[in-house]
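Q: Handing you a structure now.
The values are calculated or read from the model by the stated rules, or taken from the named source; none is laboratory data. All values reported here derive from a predicted model rather than from experimental measurement. Quick reminder, even Gly has a Cβ in these numbers, built from the backbone with ideal geometry, and neighbours come from all protein chains shown.
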Amino acid sequence: MTDSPDNEPGYIELIQKLVPVVSEQENADLRQYFEFYEGCRKELTEEAEILFAGHPVFGEMIRQVPREERNKQNEYSVALQRNAILHGDWKTYTEYTVQQGFFYARLGLEFKLWYEVIQAARQMLLPHIMKELKQNPAKAFAVINGINKLIDVAMCITGEAYIYEKKRVIDDQIRQQKNMNAELEQFAYIASHDLQEPLRTLTGFVDLFCKQYSNRLDETGEKYMAYITDAVNRMRSLITGLLEYSRIGKSSQIKEVDCNKLVGQLIRDLDTAIREKNAQVTVAKLPVVRAYEVELSALFQNLILNALKFSKKNSQPVIHIGGGDGRKDWLFYVEDNGIGIDPKFHENIFKLYQRLHSREEYPGSGIGLTHCKKIAELHGGHIWVESAPGEGSKFYFTITKT
Ligand code: ADP
């Protein structure tokens with residue numbers, strides 16, 4: 001992430017946009033204010049020290065900066081005000097105030113705190129103005145107008161800078177995330193693609209070996225061979241899974257998909273698995289959406305197969321598939337009455353190779369839900385689960401309407 005946005009193209013425009021326009025009347029009021037402020041500045045600085053010393057955020061920040069340094073900073077900021085108000089150099093003032101907004105944003109402070117500072121400044125000035133009001137009301141009103149103008153200017157600049165910096169950091173993170181994802185996909189593709197070749201050789205020779213030598217193996221040899229075959233098969237499923245993962249959304253085109261037809265076909269394809277489990281599968285009316293058909297089908301398939309696989313022993317699996325129409329998204333769900341998932345794993349299960357059971361208990365490679373997540377995100381949506389151990393699971397995913 002870039003630490004300073006000052007060299008970025010948008011920064012110059014930001015400053016240009018924020019340099020305030022001050023009318024002659026406003027400038028006259030600002031001068032009155034500044035003269036007044038200089039008169040009571042020493043007292044105000046001392047009051048501010050006391051006031052902010054007990055503040056939950058600023059108190060600590062003040063204590064961390066030595067008094068001398070604080071005085072220097074204060075002098076500098078007053079000099080900038082002076083230059084702006086008396087000599088019209090609002091640009092330097094704007095640049096400095098923009099940096100303050102950035103500082104706030106980077107500290108992760110809420111902008112509301114800035115209002116507290118302004119509010120406190122007003123409170124401190126009030127008794128001094130009241131005094132002035134008695135002696136010279138016309139000047140007091142000019143001072144009030146001047147203060148208001150300066151606060152408007154400072155608020156506007158700090159606020160805009162705060163938003164700019166927050167957005168810049170978020171954009172930066174998104175860009176980084178995208179780069180990382182692209183690199184990861186590239187890596188997954190290359191690794192899985194290149195691993196296929198030695199895997200094919202391995203599989204070929206294991207097959208040949210089994211055919212030609214199996215009758216010559218003793219019991220231990222057969223056991224070892226079974227382990228080897230099992231490991232090769234597992235490796236194939238991991239590598240194929242990874243390759244499929246890196247290919248999601250690469251080749252196909254987005255198009256209109258009738259989800260009733262898509263899920264109907266899927267259930268016919270999965271007929272054997274459904275029968276084997278004696279499962280009851282029902283499907284509510286589903287929408288027609290714009291989507292990557294093959295990927296969407298894979299998403300439903302993964303969820304349905306998981307719902308079948310993670311069913312409770314000795315009870316009939318009941319699976320319900322449905323959907324709904326949100327404002328910006330289509331919402332789908334696949335609900336089962338299976339073994340359920342502890343809430344502390346609800347996020348982890350979507351990560352690559354994360355499984356909650358041994359392969360002996362439930363076969364699998366821990367890639368299915370990672371695919372589902374990528375496919376939902378490919379459609380501008382997301383995926384999550386509501387579940388508790390022993391209470392079944394309801395997997396939801398969304399697809400952005402395009
Ligand atoms: P796999 O099914 O190959 O293990 P997945 O990525 O599809 O990999 O799922 C990851 C883990 O999430 C599973 O190992 C399982 O523990 C849990 N899980 C997924 N779907 C369900 C479900 N419907 N009910 C209970 N647990 C589930």
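Q: Pick out the one residue from 395, 332 that is among the aromatic types (Phe, Trp, Tyr), more than 8 Å from the ligand (Cβ to nearest atom) and closer than 29 Å to residue 257 by Cα. Even if it seems obvious, please write down each step before you answer.
A: Details: 395 fails: more than 8 Å from the ligand (Cβ to nearest atom).
Unique residue meeting the criteria: 332.
Residue by residue, here is whether (1) exposed (fewer than 12 other Cβ atoms within 10 Å of the Cβ); (2) among the hydroxyl-bearing types (Ser, Thr, Tyr); (3) at pLDDT 90 or above holds:
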{"site": "7", "(1), (2), (3)": "yes, no, no"}
{"site": "18", "(1), (2), (3)": "no, no, yes"}
{"site": "23", "(1), (2), (3)": "yes, yes, yes"}
{"site": "34", "(1), (2), (3)": "no, no, yes"}
{"site": "47", "(1), (2), (3)": "no, no, no"}
{"site": "60", "(1), (2), (3)": "yes, no, no"}
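Q: I'd like to check something: does the stretch 129-142 contain any residue that is without any contact (Cβ under 8 Å) to a residue 60 or more places away in the chain and not in a helix (DSSP H, G or I)?
A: Checked the stretch 129-142: at least one residue is without any contact (Cβ under 8 Å) to a residue 60 or more places away in the chain and not in a helix (DSSP H, G or I).
Q: Provide a single number: the residues in the stretch 384-396 that are aliphatic (A, V, I, L, M) and in a strand (DSSP E or B). Talk me through it step by step, then tell me what you get.
A: Step one: list which residues in the stretch 384-396 are aliphatic (A, V, I, L, M), which gives 385, 388.
Within this subset, residues satisfying the condition of being in a strand (DSSP E or B) are 385.
Selection size over the stretch 384-396: 1.
Q: A further question on this structure: Restricting to the stretch 164-186, what's the tally of residues that are β-branched (Val, Ile, Thr) and exposed (fewer than 14 other Cβ atoms within 10 Å of the Cβ)? Walk me through how you get there before you give the answer.
A: First, pick out the residues of the stretch 164-186 that are β-branched (Val, Ile, Thr): 169-170, 174.
Adding the requirement that they be exposed (fewer than 14 other Cβ atoms within 10 Å of the Cβ) leaves 170, 174.
Going through the stretch 164-186 one residue at a time, the tally reaches 2.
Q: Of 309, 351, 344, 313, which residue is charged (D, E, K, R) and within 26 Å of residue 250 (Cβ to Cβ)?
A: Working: 309 fails: within 26 Å of residue 250 (Cβ to Cβ); 344 fails: within 26 Å of residue 250 (Cβ to Cβ); 313 fails: within 26 Å of residue 250 (Cβ to Cβ).
It is 351.
Q: Which count do you get for residues in the stretch 227-272 that are more than 24 Å from residue 189 (Cα to Cα) and not acidic (Asp, Glu)?
A: 17
Q: Then there's this: Tell me which residues, restricted to the stretch 198-257, are among the small types (Gly, Ala, Ser), at pLDDT 90 or above and exposed (fewer than 12 other Cβ atoms within 10 Å of the Cβ).
A: 204, 226
Q: Name the one entry in 285, 312 that is farther than 14 Å from residue 385 by Cα, surrounded by 13 or more Cβ atoms within 10 Å (Cβ to Cβ), more than 9 Å from the ligand (Cβ to nearest atom) and in the same structural domain as residue 272 (by TED's automatic domain parsing).
A: Details: 285 fails: surrounded by 13 or more Cβ atoms within 10 Å (Cβ to Cβ).
Matching residue, one of 285, 312: 312.
Q: On to the next question. Could you tell me whether the stretch 113-124 includes any residue that is at pLDDT 90 or above, assigned to a helix (DSSP H, G or I) and exposed (fewer than 15 other Cβ atoms within 10 Å of the Cβ)?
A: No: the stretch 113-124 contains no residue that is at pLDDT 90 or above, assigned to a helix (DSSP H, G or I) and exposed (fewer than 15 other Cβ atoms within 10 Å of the Cβ).
Q: Within 24 Å of the chain's Cα centre (by Cα), surrounded by 21 or more Cβ atoms within 10 Å (Cβ to Cβ), assigned to a strand (DSSP E or B) and aliphatic (A, V, I, L, M): does that describe residue 399?
A: Numbers: within 24 Å of the chain's Cα centre (by Cα): yes; surrounded by 21 or more Cβ atoms within 10 Å (Cβ to Cβ): yes; assigned to a strand (DSSP E or B): yes; aliphatic (A, V, I, L, M): yes.
Yes, satisfied.
Q: In this structure, does residue 381 turn out to be surrounded by fewer than 19 Cβ atoms within 10 Å (Cβ to Cβ) and more than 12 Å from the ligand (Cβ to nearest atom)? Working first, answer last.
A: Numbers: surrounded by fewer than 19 Cβ atoms within 10 Å (Cβ to Cβ): no; more than 12 Å from the ligand (Cβ to nearest atom): yes.
So residue 381 does not fit the description; no.
Q: Mind listing whichever residues of the stretch 344-377 are out of contact with any helix residue (DSSP H, G or I) (no Cβ under 9 Å at 6 or more places or on another chain), loosely packed, with under 14 Cβ neighbours inside 10 Å and either aromatic (Phe, Trp, Tyr) or within 18 Å of residue 307 (Cβ to Cβ) (or both)?
A: If the condition is that a residue be out of contact with any helix residue (DSSP H, G or I) (no Cβ under 9 Å at 6 or more places or on another chain), loosely packed, with under 14 Cβ neighbours inside 10 Å and either aromatic (Phe, Trp, Tyr) or within 18 Å of residue 307 (Cβ to Cβ) (or both), then 357, 361 are the ones that fit.
Q: Out of the residues in the stretch 355-366 meeting the condition of being within 6 Å of the ligand (Cβ to nearest atom) and touching a residue at least 12 places away in the same chain (Cβ under 8 Å), tell me which one is nearest to residue 389 (Cα to Cα). Walk me through it before giving the result.
A: Step one: filter the stretch 355-366 for residues within 6 Å of the ligand (Cβ to nearest atom), giving 355-357, 364-366.
From what is left, the residues that are touching a residue at least 12 places away in the same chain (Cβ under 8 Å) are 356, 364-366.
Values: 356: 12, 364: 19, 365: 21, 366: 19 Å.
If we take residues in the stretch 355-366 being within 6 Å of the ligand (Cβ to nearest atom) and touching a residue at least 12 places away in the same chain (Cβ under 8 Å), then 356 is nearest to residue 389 (Cα to Cα).
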